[in-house]
Amino acid sequence: MPITIDNSIYDKSGRLLFCSIEKFVSDICEGNHCFICGRHPEGVSFNKEHIIPNWMLRLANIHSGDIRLPNGRLHQYGRYTIPCCSECNTLLAEHFEKPISKALGQGFSGLRAFVEREGTERLFLWMALLFVKLHLKDKTLLENPDIRLGRSYISDRYDWSTFHHMHCLIRAHYTGAKIGKYVHGSILFLEVGNSSEDKSFDVSTITNAYTLFIRVKNIAIYTVFDDSGISLEAIEPVLSKITGVMNSAQARELAAELAAANIHLKTSPSFGTRMSNTDGDNLEIIAFHPEGEAEFFPKNNKLIGHIKRYMLENFCQTTMHHTREEALELLSSNKYSFLFNNEGKFVTGGCKENPQPARSE
Ligand SMILES: [Zn+2]
């Protein structure tokens, strides 16, 4: 009998085809089962999966660099790993890391050629994998290392059930599930400036907006996972005004715009998995896409400002026009932009040390 009491579905060989929400939360988010196949570590060989893939750390030369965690603390990239069963780890390497590392290793033109060749689905799912790994790691990281203040973890703020759809996505290569129409979210990759002052790697998640931004040297990749591509269409007016190569701060601001568009979406798509029988044949991840044109809530500058401050706080500096505190205040109310000047024109020639931010309304 392939269906279990929690509605998970196995095939005849015991492979977990559909991992129910209950099983995902109990075994993977709150337990220590393999986050792909769902098997318990007992009797199965486990090893460490780099959250930011090893090849990428090498490409950006950041093994000894640090990622900034959601609690503001730093964690060394080289030691930033989560457990994964050896078989699934090998499978992830074959399916995602080999082809994507080859593409990104050839720079922006390599990535473009890769996407022209096979489309964006693999890249989209690989970004989803990164997003899920980044958040699963948080269940092992203390919110505050001083346990006299209580033992709480960064992930205590997450509702794990809301990650279930993404979990289905990142194991589609394992289950053989087809990615249905409208399941693919927004994805954008752009060539950006990489001045000598810039770090060679940047990554940020905007969790509530299911948005992930990464930059490897001069390649920025943006993904929204739960929007059927609507957010990317919504920021077209912003994209059309970007008339030059963005610097690292501007690249981040664009991620904030994309995330804000998703949060403003009135009715988000919802997702599910269907199959043609109880053996889990013809597995497909499907989207329930709202009919008609997408509707958005009225522009909430406080909300947008909150996201922009989260993304850009470290770039705000005291200049001849304002103090850092004033800049942060303006940023918080969405009246400060690294991308556009007062006339709404793209700010060119900015770099990290002199981002030439401008007030914007
Ligand atoms: Zn596994």
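Just so you know, all these numbers are worked out from the coordinates, no wet-lab data involved. Predicted model only: the values in this text are computed from it and were never measured. Reconstructed Cβ throughout: ideal geometry from the backbone, glycine too, with neighbour counts over all protein chains shown.
List of remarks:
- Lysines whose Cα lies under 22 Å from that of K12, excluding same-chain neighbours fewer than 8 positions away: K23, K178
- Value of Rg/Rh across the range 1-178 [Cα atoms, Kirkwood radius]: 0.98
- Dimensionless Rg ratio for the range 257-329, taking C-alpha atoms and the 2.2 N^0.38 Å reference: 1.84
- In summary, the lysines within cross-link reach of K266, defined as a Cα separation below 16 angstrom excluding same-chain residues under 8 places away, comprise K299.
- Cross-link pairs K302/K335; K241/K345; K133/K217 - those with Cα-Cα distance over 18 Å: K133/K217
- For the pair V44 and T323, the difference between a 0.36 nm per residue extended length and the Cα-Cα distance amounts to 94.8 nm.
- Efficiency of FRET between R151 and H63 - r from beta-carbon atoms, R0 35 angstrom, step 0.05: 0.75
- Listed residue (L212, I242, S231) projecting farthest to the positive dipole end of the range 201-248, Cβ model: I242
- Rounded D (µm²/s) - the chain, Kirkwood Rh over Cα pairs, Stokes-Einstein at 37 °C, 0.692 mPa s: 152 µm²/s
- Surrounding net charge for L254, when Lys and Arg each add one and Asp and Glu each subtract one, Cβ distance under 15 Å: -2
- Ordering 265-278, 46-59, 24-37, 203-216 by mean Cβ neighbour count within 10 Å, with the highest value first, yields 203-216, 24-37, 46-59, 265-278.
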